[in-house]
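K.L.:
Quick one: the structure is below, and I'll ask about it shortly.
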Amino acid sequence: MAIDISQAILSLGQYQFVIQGDIKSEQDWNDNVKFVSGADENGTAIFYETKPITYAEVVAEQQRLQADYDAKQYQRDRASEYPSIGDQLDYIYHNGIDAWKTDMVDPIKNKYPKDNS
């Protein structure tokens, strides 16, 4: 999954913004991204004259978020292979915690180690 620019803006704490089109360059950023500062008496959005964050900050955050997402691929791989919670609890009930760890958890952890990202 690619982290998009709106996710980076949200991560930086900016919650009210408008994006028109794809943002591929600083020029696109300047022309097509607006941040809402409030609303007038009719409820029409009022936009900041100056953006509260820069294109460079957003791109850096987008890259940081993508690296974090990519580094956690092993977690997503593991989650898709573990049996359901109900099946795991049933296994624990009938076989105990140690058997559950050995038979259900460890094989998947070994298949998708943390350093496999």
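K.L.:
Compute the acute angle (0 to 90°) between the alpha-carbon long axis of helix 85-95 and the principal axis of greatest extent of the alpha-carbon atoms of the chain; round to the nearest 10°.
P.N.:
For 85-95 against the chain, the angle is about 20 degrees.
K.L.:
Pop a pseudo-label 7 angstrom from the Cα along the beta-carbon direction at both H94 and L12 and give the gap in nm to one decimal.
P.N.:
5.4 nm
K.L.:
If you don't mind, there's one more thing I want to ask. Label K34 and R76 with points 7 Å out from Cα along Cα→Cβ: what is the distance between them in nm?
P.N.:
It works out to 3.4 nm between the two label points.
K.L.:
Among F47, F35, Q14, which residue has its Cα positioned farthest towards the positive end of the charge dipole of the chain, with +1 placed on the Cβ of Lys and Arg, -1 on the Cβ of Asp and Glu, and the dipole taken about the Cα centre?
P.N.:
Farthest along the dipole direction, towards plus: Q14.
K.L.:
Which residues make up the longest stretch of the chain that has no GluC sites (Glu not before Pro) in a DSSP loop with at most 16 other Cβ atoms within 10 Å?
P.N.:
Here the longest segment lacking exposed loop sites spans 50-117.
K.L.:
Let me ask something additional. May I ask you to evaluate 6.51 cos²θ - 1.76 cosθ + 1.60, the Karplus curve with θ = phi - 60°, for each residue of the range 96-102 and list the ³J(HN,Hα) values in order in whole Hz, giving x for glycine and proline?
P.N.:
Residue by residue, the range 96-102 yields x, 5, 4, 5, 4, 4, 5 Hz.
K.L.:
Residues with beta-carbon under 15 Å from that of A56, excluding A56: net charge, scoring Lys, Arg +1 and Asp, Glu -1?
P.N.:
Summing Lys and Arg as +1 and Asp and Glu as -1 gives -1.
K.L.:
Another question about this same structure. Classify the range 73-116 as rounded, prolate or oblate, taking a ≥ b ≥ c as the square roots of the eigenvalues of its Cα gyration tensor: rounded when a/c is under 1.5, otherwise prolate if a/b is larger than b/c and oblate if not.
P.N.:
Verdict is oblate for the range 73-116.
K.L.:
All other residues with a Cβ under 12 Å from the Cβ of L12 taken together, and with Lys, Arg as +1 and Asp, Glu as -1, what is their net charge?
P.N.:
Here the charged neighbours net out to 0.
K.L.:
Give me the distance in nm between label points sitting 7 Å out from Cα along the Cα-to-Cβ direction at I85 and N110, one decimal.
P.N.:
2.8 nm
K.L.:
Residues with amide H under 5 Å of F47's amide H, sequence separation 5 or more or different chain, H placed in the peptide plane at 1.01 Å from N; which?
P.N.:
The list, which skips near neighbours in sequence, is S37.
K.L.:
Exactly which chymotrypsin sites (Phe, Trp or Tyr not before Pro) in the range 1-46 are in a DSSP loop and have at most 10 other Cβ atoms within 10 Å?
P.N.:
Answer by residue number: Y15.
Here, each number is a calculation from the coordinates, and none is a lab measurement. Since we're looking at a predicted model, the values are computed, not measured. Cβ: placed from backbone, ideal geometry, glycine included. Neighbour counts: every protein chain shown.
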